[in-house]
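Taken together, the values in this text are just the output of simple stated rules run on the coordinates, not laboratory data. Since the model is a prediction, treat every value here as computed from it, not as a measurement. Neighbour counts run over all protein chains shown; Cβ positions are idealised from the backbone, glycine included.
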Amino acid sequence: MKPRKLTSAFSVFSPSKNPNPDYLPIPYLPSSMQDPRMARAKKKGNEALQIQDWRAAITAYSEAIAHDPGMKYSKLYFRRGMAYEKLGVLSRAANDYAIAFNLTGGSGALTAYENVYQQLHSSAAPEFADGKAAAVKEKWKLAVSFFTRAIEVDGQYGQAYFQRGLAYEKLGEHKLALEDMVKAEYRAQGRQR
């Protein structure tokens, strides 16, 4: 009789078992091992999502996330992102989809993030264009206000930070200009600050 090979519980994290080395698989705990408060809140969130009560779903999923400190349940973030998206709070939806994607590497979360980001970016585009038009006319305060509105719509809009930084520089606001240039650079590198 051939002896059985013993495998470690950590073999899940072995690079040879993981087809995508950028993402570590996160073990999913069975419901019997979940924090009961998290399980109750998740159930409320799922029920609210079913009846399309988006605000109640966001509240319930936020409570569930608070009781999941190890961030093991990416579906909580994904579903809360869905509720935010339905309410039109696209920046928060994009953030939750990004967290869900980073936790699992799942293509559904990535697709949802890309769709929401596209909506955000297109929503900010008119403000950005107005800011560029004001800058061409050297109306720097007006340009700053338009670029600020574009940033409020899409907090990841690196070009808006860059252009607002240029406008601040023209106004002599060197500290604000530098802060925006740094933010623009971070966004260009795919990071947030």
Once you've got the Cα coordinates, tell me which of K137/K183; K141/K175; K44/K86; K43/K75; K139/K183; K75/K183 are over 20 Å apart.
K137/K183; K139/K183; K75/K183
Taking H placed 1.01 Å from N in the peptide plane, check which residues at least 5 places from G106 or on another chain put their amide H under 5 Å from its amide H.
none
Largest-first principal axis extents of the Cα set of region 107-193 (Å)
45, 24, 15
Please list, in order along region 163-170, the HN-Hα scalar couplings obtained from phi with the Karplus expression 6.51 cos²θ - 1.76 cosθ + 1.60 (θ = phi - 60°), rounded to whole Hz, x for Gly and Pro.
5, 5, x, 4, 5, 4, 4, 5
If each of K72 and R149 carries a label point 7 Å out from its Cα toward its Cβ, how far apart are those two points in nm?
4.7
Taking θ as phi - 60°, what are the ³J(HN,Hα) couplings along region 126-137 by the Karplus curve (6.51, -1.76, 1.60), each to the nearest whole Hz, with x for Gly and Pro?
x, 5, 4, 4, 5, x, 5, 5, 5, 5, 4, 7
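Ranking request for peptides 43-54, 156-167, 141-152: highest mean number of other beta-carbon atoms within 10 Å first, then the rest in descending order. The partial results should precede the final answer.
On the way: 43-54: 15.7, 156-167: 23.2, 141-152: 20.2.
Most protected by this proxy first, the peptides run 156-167, 141-152, 43-54.
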